[in-house]
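Notes to accompany the following structure.
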Amino acid sequence: MRKNYSIADHKLVETQGAGCQVAVFINPDEGERKYLIEQLRLDEHTLLSALDPDELSRVEFEPEHAAIIFKSPKNYSAAEQFLFKVSSVGAFLFKDSLIIVVAEDVPLFDRAAFTRVHSPAGLLLRLISRSIIHFREHLKVINMISDELQSEINRAMENKHLLNLFTLQKSLVYYVNSINSNGALIEKLKNTAAKIGFTTEEQEFLDDILIENGQCFKQADMYSNILASLMDARASIVSNNLNVLMKTLNIIMICLMLPTLVVSIFSMNVTLPMTRNEASLSHPVWFWGIVGVASLSVLIVLLFWRYRKW
């Protein structure tokens, strides 16, 4: 699918006719790929790399255009089970136009920042800036989810909370690698700004983007290190909760076992030392005596447990 845009009065406006300055190809089919490769002279390998979510960010220079691939976070879905994924975006910058290739239909120009667009090159920089902002927003969400899961782990012993934390940690690893890859790309764009044709204002904006990406990388790396260091502690908490539960169950079992032992002894079909004849066994005091001995055994166990501070 293809969408066309034009820059009018420093604003990005969607158009339907030909002569557009910006064209977005969403998961291009065979015909669109043939058009991009044969008509626009895009490298086939680079085009396929733009659709590969595992591709690293990079910039390549062709005779008529510059090919830029950068990483962007995918929109989160509840079906992902706390797994935040990243995708690749391909941008092919010509002298007076910009071709964007993405694998999924995502809102690329949904922010107010795209109301001050002066050129296709400036639009490319704003796309990279939007990707950094998107990463930062996802990092805030991941941090909030992580805090909630840690609270749940402190209260419960279910494995699903730990598994969700492992999934978040995996997401952060992908984010750290992607943001770091974008940083290398931005650094190269800065070094080749004159070759690409960035204006002075766009070069200053590129410096701001480099700083923002560096801050985003430090934030993602900090979250990843904190979560990784706490995973062992959280597993220990689950193990400790299990030990406390088993201790409580042992106390209950011993408290039940001793009265059962007392009742079992007096229920044996043999002559007991304290009984001389069958008449003495039918005395009503025996019932309360046995109940008292059973209760006393429970009390002794509880007092012993409290004395030992178990």
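Quick check on the chain: helices-only [θ] at 222 nm, where DSSP H runs of length 4 and up contribute -39,500 (n - 2.57) each and the sum goes over total residues. Nearest 500, please.
Calculated mean residue ellipticity at 222 nm is -20500 deg cm²/dmol.
What stretch of the chain, leaving out the sites themselves, is the longest with no trypsin sites (Lys or Arg not before Pro) in a DSSP loop having at most 10 other Cβ atoms within 10 Å?
Answer from the scan: 96-275.
How high is the relative contact order of the chain, in percent, counting Cα pairs under 8 Å that sit 6 or more residues apart?
Rounded, it is 15 percent for the chain.
Greater than 19 Å separation of Cα atoms is the criterion. Which listed pairs, Lys74/Lys170; Lys11/Lys188; Lys160/Lys247; Lys74/Lys140; Lys195/Lys218, meet it?
Cα-Cα > 19 Å for Lys11/Lys188; Lys160/Lys247; Lys195/Lys218; rest within.
Count neighbours as other Cβ atoms within 10 Å of each site's Cβ, and list the chymotrypsin sites (Phe, Trp or Tyr not before Pro) in the range 14-92 that are DSSP loop with at most 14 such neighbours.
Within the range 14-92, no chymotrypsin sites (Phe, Trp or Tyr not before Pro) qualify (loop, at most 14 other Cβ atoms within 10 Å).
Against the longest alpha carbon principal axis of the chain, how many degrees, from 0 to 90 and to the nearest 10, is the axis of helix 200-266 turned?
Helix 200-266 sits roughly 10 degrees off the main axis of the chain.
For each of Phe94, Phe135, count neighbouring Cβ atoms within 10 Å of the residue's Cβ, then give the residues from fewest to most.
By the 10 Å Cβ count, ascending: Phe94, Phe135.
Plugging the Kirkwood radius over Cα pairs into Stokes-Einstein for the chain, at a temperature of 37 °C and a viscosity of 0.692 mPa s, what D comes out in µm²/s?
133
All of the numbers you see were taken from the coordinates with simple rules; none came from a lab. The structure displayed is predicted, hence computed values, not measured ones. FYI the Cβ positions are ideal-geometry reconstructions off the backbone, even for glycines, and counts take in every protein chain you see.
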